[in-house]
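Novice: Questions regarding the structure given below will be posed in turn.
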């Protein structure tokens, strides 16, 4: 079975977006590379054609909504984005929990999952149930969690909750999102040579669109992958307040493999050998933190570091440190909301995520060698038990 070409994917996306047909420009080359490698390297058949097509069509639909939104609201593009709080760090280092916790403060606006998939000026929350795109997003997310139930344990995000910016950044198709989900080593290598500033500029314009009616509200954002592209992030948001989370990579790398494995199995339509995942994630995140460190040296005042262990022990103390670093006051009502969220969302809420490095084709010693400078800089060396959670 032949995987669709670009023209066929554009047609499917246009149908899925109610006939919208302006995709903008500049995405064709990276999308073409993805299609070429899928055709060359990924077995495609009735068992997975819908899944593989869907991941690309979904991003194209998102592009269509953005282009249409900017035409309807061109005024939003002049809107400044002032001092956004941005959570970055190796995945599984506490970025999601910290992001959701901070989102309990109503002074911030964030990127809800459904608006990442269909960007538009954010309607009043009370009206969301009447918005077809929101209802469709809820149905899609429920269907995905039904198809990949392991994601409830490893990384559950609901359509009405804040989510990471990865899918919105992926609109350019210059993104590790596709290689992570599908497994595209040639695209991975090409991506390392690319400048992602264009992706971040488009992303900023999407924030302006989604926040068109909340221009004075400060943004709270999260994208673990930005740790490797802090140069692009700080060029587009020069006054960004960056919260970088840290955890022993011996725990992070196999844990992120545990998130990727069921998703990649879903996209391939068959069981993927988990041992193929570890080397790629090891190399990607070791490269990312060292690249990020080069940028940090020149912008130290824009960063605060949060140790995963300290955050797990005393989350509100770490929140207090963040607010103090960036000159914010924690409103008593916001603090109560945060404490309520913590009580309702304990670690392992949906079950314990267990894994070993060897399960994913790497060893603890190997990970310590690859991340040695990072581990030393942030004091992350800890005894590693036989199984992690």
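Just so you know, all these numbers are worked out from the coordinates, no wet-lab data involved. Owing to the predicted nature of the structure, the values given are computational and were not obtained by experimental measurement. Ideal geometry is used to build each Cβ from the backbone, glycine not excepted, and the neighbour counts take in all protein chains shown.
Novice: What ranking do 221, 10, 60 get, fewest neighbouring Cβ atoms within 10 angstrom at the top?
Specialist: Going from least to most buried by this count: 10, 60, 221.
Novice: Okay, next question. Starting from the alpha-carbon convex hull of the range 179-254, give the projected area averaged over all orientations, in nm².
Specialist: 6.7
Novice: Could you tell me how far the Cα centroid of the range 304-336 sits from the Cα centroid of the range 229-293, in Å?
Specialist: 24
Novice: Want the number for residue 143 to residue 72: 0.36 nm per residue separation, take away the alpha-carbon distance, what's left?
Specialist: 22.4 nm
Novice: So what is the calculated 222 nm ellipticity per residue for the chain, using -39500 (n - 2.57) for each DSSP H run with n of 4 or more, over all residues, to the nearest 500 deg cm²/dmol?
Specialist: -16000 deg cm²/dmol
Novice: Continuing with the same structure: Suppose R0 equals 56 Å; then what is the FRET efficiency for residue 270 and residue 376 from their Cβ-Cβ distance, rounded to the nearest 0.05?
Specialist: With a Förster radius of 56 Å, E is 0.85.
Novice: Quick one: order 114, 341, 219 by neighbouring beta-carbon count within 10 Å, fewest to most.
Specialist: The fewest-first ordering by Cβ neighbours comes to 341, 219, 114.
Novice: Of all alpha-carbon pairs in the range 277-353, indicate the percentage at a distance above 22 angstrom.
Specialist: Roughly 48 percent, once rounded to a whole number.
Novice: Once R0 is set to 30 Å, what does the formula 1/(1 + (r/R0)^6) return for the Cβ-Cβ distance between residue 343 and residue 214, expressed as a FRET efficiency to the nearest 0.05?
Specialist: 0.60
Novice: Under the classification rounded if a/c is under 1.5, otherwise prolate if a/b is larger than b/c and oblate if not, where does the range 78-133 fall, given a ≥ b ≥ c as square roots of the Cα gyration tensor eigenvalues?
Specialist: prolate
Novice: Applying 1/(1 + (r/R0)^6) with R0 = 22 Å to the Cβ-Cβ distance of residue 11 and residue 49, what FRET efficiency is obtained, to the nearest 0.05?
Specialist: In this case the efficiency is close to 0.90.
Novice: Report the antiparallel proportion of the DSSP beta bridges in the chain as a percent, rounded to a multiple of 5.
Specialist: Looking only at bridges with both residues in the chain, the antiparallel portion is about 10 percent.
Novice: Tell me, Kirkwood radius of the range 126-280 from alpha-carbon pair distances, in Å?
Specialist: After inverting the pairwise mean of 1/r, the radius is 17.6 Å.
Novice: To continue, here is another question. How far is the Cα center of the range 50-107 from the Cα center of the range 121-192, in Å?
Specialist: 10
Novice: Still on this structure, please answer the following. Kirkwood hydrodynamic radius for the range 203-341: how many Å is it when counted over pairs of different Cα atoms?
Specialist: Computed over Cα pairs of the range 203-341, the Kirkwood hydrodynamic radius comes out at 17.7 Å.
Novice: When the C-alpha atoms of the chain are aligned to their principal axes, what extent does each axis show, in angstrom, from largest down?
Specialist: 51, 47, 39
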